Amino acid sequence: MHFPLNPSVPRKRLDLNMKDGQMQRGQQWLEELLKLSAIPSTVVSEKQEDCYWMTIDESNLTPEQIAILVGPDGNVLDAVQYLCNTVLNIAHEQEEPTHYTVELNGYRIRRQQELRSMAEYAAEQARMTGVEFELKSLSSAERRQVHSFLSEYEDIETYSQGQEPDRRLVVRLR
């Protein structure tokens, strides 16, 4: 299924003065996807440090619709976010792609806290045992977050190994 972008929004590369246009483009695309999925909702967008944070307004959604959009272990929300990032970056000639984070019902915030706890636990295990510690079953975006969390630790390094869908993040002492 193809989800076209709003034709009134230009598809050409946006210059630095038009960064808000990228945020608006993401918001419009996500609202259109929701409408086509028969779960219409508004989206609130906000510029974060390194991405556009797009929150689906759940006030008019049923608990069943929220559960469907989040999916088991966030799989559906991850898929929507992946599609959003892929579709909205495909036609751009930017050096760095624009990153979009799709949030619903506080899932991403809760998951980020879980990932930080997992990262801290893995670092502590690597320190205590001196043995590499593997974190499995993380999406590529989640692995990126854990790499980022642990980059703050001078005595710890991380790398990913394996092939999708069995790619793992490894934590070890430097």
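The values are calculated or read from the model by the stated rules, or taken from the named source; none is laboratory data. Just so it is clear, the structure is predicted and the values come from calculations on it, not from any experiment. A quick note on method: Cβ atoms are made from the backbone with ideal geometry, for glycine too, and the neighbour counts reach across all protein chains shown.
When restricted to residues that are surrounded by 10 or more Cβ atoms within 10 Å (Cβ to Cβ) and either over 19 Å from L115 (Cα atoms) or hydroxyl-bearing (S, T, Y) (or both), segment 156-165 contains 4.
Does R172 satisfy the criteria of being among the charged types (D, E, K, R) and part of a helix (DSSP H, G or I)? So R172 does not fit the description; no.
Here's the yes/no breakdown for (1) in a helix (DSSP H, G or I); (2) surrounded by 15 or more Cβ atoms within 10 Å (Cβ to Cβ); (3) on the phi < 0 side of the Ramachandran plot; (4) of a type in the set (S, T, N, Q):
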{"position": "Y82", "(1), (2), (3), (4)": "yes, yes, yes, no"}
{"position": "E96", "(1), (2), (3), (4)": "no, no, yes, no"}
{"position": "V102", "(1), (2), (3), (4)": "no, yes, yes, no"}
{"position": "A122", "(1), (2), (3), (4)": "yes, yes, yes, no"}
{"position": "H147", "(1), (2), (3), (4)": "yes, yes, yes, no"}
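Quick grid of which residues meet (1) part of a helix (DSSP H, G or I); (2) in contact with a strand residue (DSSP E or B) (Cβ under 8 Å, 6 or more places away or on another chain); (3) more than 29 Å from V80 (Cα to Cα):
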site	(1), (2), (3)
Q125	yes, yes, yes
R144	yes, no, no
T158	no, yes, no
D166	no, no, no
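Taking segment 84-94, which residues are part of a helix (DSSP H, G or I) and either within 18 Å of Q145 (Cα to Cα) or in contact (Cβ under 8 Å) with a residue 12 or more places away in the chain (or both)? Correct list: C84, N85, V87, L88. If I ask for residues that are in a loop (DSSP other than H, G, I, E, B) and either at pLDDT 90 or above or farther than 18 Å from R108 by Cα (or both), which ones from segment 44-62 would you list? Scanning segment 44-62 gives D57, E58, S59, N60, L61, T62. Among residues of segment 104-120 being of a type in the set (A, V, I, L, M) and assigned to a helix (DSSP H, G or I), the one that is surrounded by the fewest Cβ atoms within 10 Å (Cβ to Cβ) is I109. Counting the residues of segment 49-84 that are of a type outside the set (A, V, I, L, M, F, W, C) and within 25 Å of Q22 (Cβ to Cβ) gives 10. Here S41 clears all of (1) under 25 Å from R144 (Cβ atoms); (2) of a type in the set (S, T, Y); (3) at pLDDT 90 or above except the condition numbered (1).
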